[in-house]
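Asks: Quick one: this structure, given as structure tokens, is what I'll be asking you about.
The values are calculated or read from the model by the stated rules, or taken from the named source; none is laboratory data. Remember, predicted model here, so these are calculated numbers, not experimental data. Every residue, glycine as well, gets a Cβ built from its backbone with ideal geometry; the counts of neighbours run over all protein chains shown. Heads up: the accessible areas ignore ligands, DNA and RNA and are worked out on the full protein's heavy atoms, side chains in. Shrake-Rupley method; radii C 1.70, N 1.55, O 1.52, S 1.80 Å.
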Amino acid sequence: MTTVVAIVACVVLIWGSLRYAWWRTKIADTRPRVLMYHMIAVSVPRARFNKLRVHPKSFERQIKWLRDDGWTFILVSDLLQRCAPKSVAITFDDGYLDNYTCAHAILEKYDAKATLYLVVDRHGRDWSAYKKPSHRDGELGREDKLTDEHVRTMLDSGRWELGAHTATHAYLPGLPVELKQEEIAGGKRRLAETFSAVVDSFAYPFGLYGPGDVGLVREAGFTTAVTTEPGITSDITNTPF
Ligand SMILES: [Zn+2]
């Protein structure tokens, strides 16, 4: 009997720890949060990139929780101003079709908004192989992407801000500087022209950047840039921008 109680206590302790992550330091909600998403879709059996897929029901639960908990949805460009406590920026990388067919309606339902970091030449591209040649199985290349028309509809709703994610989802560390410029500044220019939109925010492909890349992003006229380092900074001046 004692053994059974001890096992149950252990299970509850492990479950509670995983669920509530009590060991993590709490950081004041005056620090804005940035949440990164890719696809809002069900997992694909045995697929490599299921970590990029968030189930639609789970995504809705997350957005509803934020709304019910009193968080204000902001755009990444709003981070340049002093944000109210409990501000959260939702972001989507790459430009998957489900951002329109699924996420858009959920954002509307909860009066939320988001920043879309769009790859210009996104259709049929297997960009995971740019970073790791062994990933040449075409999984991300086969995923349907947003058409320009979808993006226009999303921007017209006033719920989305357009950000840049290079022309081809380039692996920046592997490129000479002229090609980096083409990807960073050229990608920004092409998005701005195609959508007649202001494109002032940049997301580093794969979250990777070096000191030179930060300079090129700044030179291209971007005012904010995001990467994939997890956590909440306690010093918002200690960032690449
Ligand atoms: Zn990406």
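Asks: So what is the accessible area of the chain per residue, in Å², with the probe set to 1.4 Å?
Replies: I get 56 Å² per residue for the chain.
Asks: Multiply the residue separation of THR147 and THR25 by 0.36 nm, subtract the distance between their alpha-carbon atoms, and state the gained length in nm to one decimal.
Replies: In short, 39.7 nm is gained.
Asks: Can you list, largest first and rounded to whole Å, the semi-axes you get for the chain by taking the square root of 5 times each eigenvalue of its Cα gyration tensor?
Replies: 32, 22, 20
Asks: Rounded to the nearest 0.05, what FRET efficiency is calculated for ARG218 and LEU13 with R0 set to 51 Å and r the Cβ-Cβ distance?
Replies: So the FRET efficiency works out to roughly 0.60.
Asks: Would you mind putting 136-142, 212-218, 113-119, 167-173 in packing order, based on average other-beta-carbon counts within 10 Å, highest first?
Replies: Numbers: 136-142: 15.1, 212-218: 17.6, 113-119: 24.6, 167-173: 20.4.
The most tightly packed comes first, giving 113-119, 167-173, 212-218, 136-142.
Asks: Considering only protein heavy atoms, with the full assembly of protein chains and a 1.4 angstrom probe, order LYS145, LYS131, LYS188 by accessible area, largest first.
Replies: Per-residue accessible area, sorted high to low, gives LYS131, LYS188, LYS145.
Asks: Distance in nm between label sites at ALA197 and TRP65, each 7 Å beyond Cα in the beta-carbon direction?
Replies: 2.8
Asks: Name the shape class, rounded, prolate or oblate, that the alpha-carbon gyration tensor gives for the stretch 89-202, where a ≥ b ≥ c are the square roots of its eigenvalues, rounded holds for a/c under 1.5, and otherwise prolate holds if a/b is larger than b/c and oblate otherwise.
Replies: In terms of gyration-tensor shape, oblate.
Asks: Which order do ARG125, ARG46 take when ranked by solvent-accessible area (1.4 Å probe, heavy atoms of all protein chains), largest first?
Replies: Details: ARG125 70, ARG46 225 Å².
Heavy-atom accessible area, descending, gives ARG46, ARG125.
Asks: Can you give the net charge of the other residues whose Cβ lies under 14 Å from the Cβ of LYS26, counting K and R as +1 and D and E as -1?
Replies: Charge balance in the 14 Å sphere: +3.
Asks: With only Lys, Arg, Asp and Glu charged, each at its Cβ (+1 for the first two, -1 for the last two), find how big the charge dipole of the chain is about the Cα centre; round to the nearest 20 debye.
Replies: 820
Asks: Which cross-chain or sequence-distant (5 or more) residues have an amide H under 5 Å from the amide H of TYR37, H modelled 1.01 Å from N in plane?
Replies: THR91, PHE92, ASP93
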